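Peer 1: What follows is a single structure, and I will ask about it in a moment.
The values are calculated or read from the model by the stated rules, or taken from the named source; none is laboratory data. Remember, it's a predicted structure, so these values are computed and weren't measured experimentally. Using ideal geometry, Cβ is built from the backbone for each residue, glycine included, and neighbour counts are taken over all protein chains shown.
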Amino acid sequence: SIFVDYFVKDYVRKRNLILSLLALEIELLMTWHNPTAAPEAIIQGEETISKWRNQPITERTWKETARLAWEISPTLAVFLPCRFKNSDEIKDEISRLVRLNPIVVCHIPEALQYLVTSESILHDSPELTHMLTWTPVSPIQALSYFSRQYPPHPITAQYAIRNLINYDPNVIMFCIPQLVQAVRYDSMGYISQFIRWAATTSQLLSHQLIWNMQTNMYKDEDQQEPDQDLYEPLEHITNTIVDSLSGPAKEFYEREFDFFGKITAISGEIRNYPKGKERKEALLKALRKIKVQLGCYLPSNAEALVLDIDPEKGIPLQSAAKAPFLARFKVSLCGSDQLERLAMSSDTNNTNNHKMSLGVELWQAAIFKVGDDVRQDMLALQIIGLFKNIFLKVGIDVFLFPYKVIATSPG
């Protein structure tokens with residue numbers, strides 16, 4: 001009968017979808033098991049999986065597969081392109097289905113990429129309004145709406161800012177390089193406004209933003225070539241943030257920037273001394289002049305308060321043209337929240353009070369240098385940090401140690 005024929009065809013379609021997904025998963029496990037395709041490690045039945053995966057599939061079949069998955073579960077359909085990466089037909093069909101009925105997948109962050117594309121933004125598609133009620137995406141995905149990847153649009157900008165506002169300052173701190181560069185494409189002023197707002201939520205975040213903006217105002221290390229796109233907006237944002245500081249916040253800012261400005265400047269001072277004993281003596285002499293100001297922290301470690309500096313353990317490091325040096329600091333690991341609270345307190349000169357309030361004390365080394373652009377180092381270490389999180393998430397036992405590098409000025 002017609003009903004039986006329909007039932008059989010529907011069963012076969014669902015069976016093929018399940019087998020395709022199962023074959024793909026088995027193929028992934030086979031790759032993990034035998035990545036080099038060693039003959040002695042081949043499992044019986046592998047050729048059956050390969051034969052199934054290699055059979056030709058028409059464009060029509062791919063589209064029908066996408067529609068079937070959507071009928072079964074829109075969530076399943078949204079993730080099909082992640083499984084069948086070589087099929088543009090599936091991706092196009094999923095995009096069409098999401099645009100037709102965005103409400104059923106608005107709770108899935110990964111579905112947003114099928115609703116919001118460069119084409120839909122350029123054509124100001126009516127369905128873009130659904131973006132305003134979409135579930136949050138990652139900070140990097142939110143910042144991508146202020147990049148060359150997407151044309152500027154009020155709706156994408158409002159959605160991105162709504163996402164960023166809800167993230168913890170520590171999360172925003174990780175994305176500072178991308179956040180500052182987003183000002184380059186901020187034609188409507190949303191990112192500039194967000195940076196000014198974010199600086200009021202955390203003084204530690206404010207300091208990191210100022211350092212990064214000062215670094216990116218210029219293209220060269222000597223601060224002779226302003227970045228035509230970034231110099232004026234970043235200078236305005238920086239001045240606005242600094243001018244808005246008052247009371248303990250202003251004292252904290254001035255103390256931190258003055259203290260580590262003096263320490264970093266030592267690299268430039270000892271640069272003219274011959275390498276070896278003379279440079280070493282010049283370094284130790286300069287370190288002895290530094291007076292520790294309670295209520296400061298290492299720019300590369302915003303979770304430890306600096307208690308003291310070891311003026312006798314400074315070490316000039318090898319460099320062809322620069323003069324980097326290593327200095328040791330006595331710090332207390334108190335966490336970023338307590339650090340900010342103590343640094344903003346009115347009794348930063350009370351050493352005994354600080355020692356009673358702090359945690360574990362230890363000696364920590366940091367390297368300082370001038371005349372070297374470390375922005376690429378920051379990005380490389382950011383990638384290493386992302387991979388560390390990925391490896392932990394999927395259970396890969398690989399040790400990574402992404403140490404912190406902070407650029408406080410162009411050179």
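Peer 1: Looking at Ser87 and the list (1) polar (S, T, N, Q); (2) over 28 Å from Val394 (Cα atoms); (3) buried (at least 17 other Cβ atoms within 10 Å of the Cβ), which single condition is not satisfied?
Peer 2: Status for Ser87: all satisfied but (2).
Peer 1: Next question. Within the range 379-405, which residues are of a type in the set (A, V, I, L, M), touching a helix residue (DSSP H, G or I) at 6+ places or on another chain (Cβ under 6 Å) and under 22 Å from Ala327 (Cβ atoms)?
Peer 2: Residue satisfying the conditions is Val405 alone.
Peer 1: Next up: I need the full set of residues from the range 195-209 which are in contact (Cβ under 8 Å) with a residue 40 or more places away in the chain and part of a helix (DSSP H, G or I), in order please.
Peer 2: Those that are in contact (Cβ under 8 Å) with a residue 40 or more places away in the chain and part of a helix (DSSP H, G or I): Ile195, Arg196, Ala199, Thr200, Gln203, Leu204, Ser206, His207, Gln208.
Peer 1: For the range 172-205, what are the residues that are within 17 Å of the chain's Cα centre (by Cα) and not hydrophobic (A, V, I, L, M, F, W, C)?
Peer 2: If the condition is that a residue be within 17 Å of the chain's Cα centre (by Cα) and not hydrophobic (A, V, I, L, M, F, W, C), then Pro177, Gln178, Gln181 are the ones that fit.
Peer 1: I would also like to ask the following. Assess whether Glu225 counts as being more than 24 Å from Gln338 (Cβ to Cβ), in contact with a Gly (Cβ under 7 Å, 6 or more places away or on another chain), surrounded by fewer than 16 Cβ atoms within 10 Å (Cβ to Cβ) and modelled with pLDDT under 90.
Peer 2: Spelling it out, it is not the case that Glu225 is more than 24 Å from Gln338 (Cβ to Cβ), in contact with a Gly (Cβ under 7 Å, 6 or more places away or on another chain), surrounded by fewer than 16 Cβ atoms within 10 Å (Cβ to Cβ) and modelled with pLDDT under 90.
Peer 1: Shifting gears a bit: Out of Ile383, Ile396, Ile390, I need the residue that is more than 24 Å from Arg271 (Cβ to Cβ), modelled with pLDDT under 90 and outside any strand (DSSP E or B). Which one?
Peer 2: Answer to the selection: Ile396.
Peer 1: Test Leu122 against the stated conditions and say whether it is surrounded by fewer than 16 Cβ atoms within 10 Å (Cβ to Cβ), hydrophobic (A, V, I, L, M, F, W, C) and out of contact with any helix residue (DSSP H, G or I) (no Cβ under 9 Å at 6 or more places or on another chain).
Peer 2: yes
Each row is one residue, and each column tells you yes or no for (1) in a helix (DSSP H, G or I); (2) surrounded by fewer than 19 Cβ atoms within 10 Å (Cβ to Cβ).
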{"residue": "Ile270", "(1), (2)": "yes, no"}
{"residue": "Lys275", "(1), (2)": "no, yes"}
{"residue": "Ala282", "(1), (2)": "yes, no"}
{"residue": "Leu287", "(1), (2)": "yes, no"}
{"residue": "Ala302", "(1), (2)": "no, no"}
{"residue": "Val306", "(1), (2)": "no, no"}
{"residue": "Asp310", "(1), (2)": "no, yes"}
{"residue": "Lys313", "(1), (2)": "no, yes"}
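Peer 1: Here is a further query. Which residue pairs have Cβ atoms under 8 Å apart, sit 6 or more places apart or on different chains, and have a first residue in the range 19-37 that is in a helix (DSSP H, G or I) and a second that is among the small types (Gly, Ala, Ser)?
Peer 2: Sorted first by the residue in the range 19-37, then by its partner, the pairs are Glu27/Ser50; His33/Ala41.
Peer 1: Test of understanding: among Glu110, Glu64, Glu59, Glu71, which residue is surrounded by 12 or more Cβ atoms within 10 Å (Cβ to Cβ), more than 30 Å from Ser138 (Cα to Cα), modelled with pLDDT of 90 or more and out of contact with any strand residue (DSSP E or B) (no Cβ under 7 Å at 6 or more places or on another chain)?
Peer 2: Values: Glu110 fails: more than 30 Å from Ser138 (Cα to Cα); Glu59 fails: modelled with pLDDT of 90 or more; Glu71 fails: more than 30 Å from Ser138 (Cα to Cα).
Answer to the check: Glu64.
Peer 1: Say we look at the range 380-407 and pick out the residues that are touching a Pro at 6+ places or on another chain (Cβ under 6 Å) and touching a residue at least 24 places away in the same chain (Cβ under 8 Å); which of these is nearest to Glu235 (Cα to Cα)?
Peer 2: My answer is Ile406.
Peer 1: Search the range 332-358 for residues that are within 14 Å of Arg255 (Cα to Cα) and part of a loop (DSSP other than H, G, I, E, B) and pair each with any residue that is of a type outside the set (Asp, Glu) and at pLDDT 55 or above when their beta-carbon atoms are under 6 Å apart and the residues are at least 6 apart or on different chains.
Peer 2: Final answer for the pair search is Met344/Pro248; Met344/Phe252; Thr348/Leu294; Thr348/Gly295.
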